[in-house]
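Down below is the structure, laid out as structure tokens.
The values are calculated or read from the model by the stated rules, or taken from the named source; none is laboratory data. The structure displayed is predicted, hence computed values, not measured ones. Neighbour counts run over all protein chains shown; Cβ positions are idealised from the backbone, glycine included. These accessible areas exclude ligands, DNA and RNA; they are computed on the full protein's heavy atoms, side chains included. Shrake-Rupley method; radii C 1.70, N 1.55, O 1.52, S 1.80 Å.
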Amino acid sequence: MPKIKFGVTIDEELRKELIKIVGRSEDLDLSRSEVVETILKAFFKSSVDHTKKASEMIIKKEKVNY
């Protein structure tokens, strides 16, 4: 499947966690993009209602930022 490149803005805490994962995976020589793609694949392959889960996460985030 062809890859599509697009930009994503994330908060500093997520960036730090992403960098940690990349650092702990040095033996795999993973890029940040590969880690994000893997996380997204795991999310979408799970048996969760993705629309509902994403909505819940967004609502929780908005409450914390409010």
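Laid out as a table, the results:
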{"quantity": "Reachable lysines from Lys45, criterion Cα separation under 22 angstrom, eight or more residues apart if same chain", "calculated": "Lys3, Lys5, Lys53"}
{"quantity": "Per-residue ³J(HN,Hα) for region 26-34, Karplus 6.51 cos²θ - 1.76 cosθ + 1.60, θ = phi - 60°, Hz, x for Gly and Pro", "calculated": "4, 5, 8, 6, 8, 8, 4, 4, 5"}
{"quantity": "Carbon/sulfur fraction of accessible area - the chain, other protein chains in place, 1.4 Å, %", "calculated": "60 percent"}
{"quantity": "Descending semi-axes in Å of the chain, equivalent ellipsoid built from Cα gyration tensor", "calculated": "23, 17, 12"}
{"quantity": "Net lengthening on full extension, Ser25/Lys5 (0.36 nm per residue, minus Cα-Cα)", "calculated": "5.0 nm"}
{"quantity": "Positive-end residue of Ile59, Phe43, Leu28, charge dipole of the chain with Cβ unit charges", "calculated": "Ile59"}
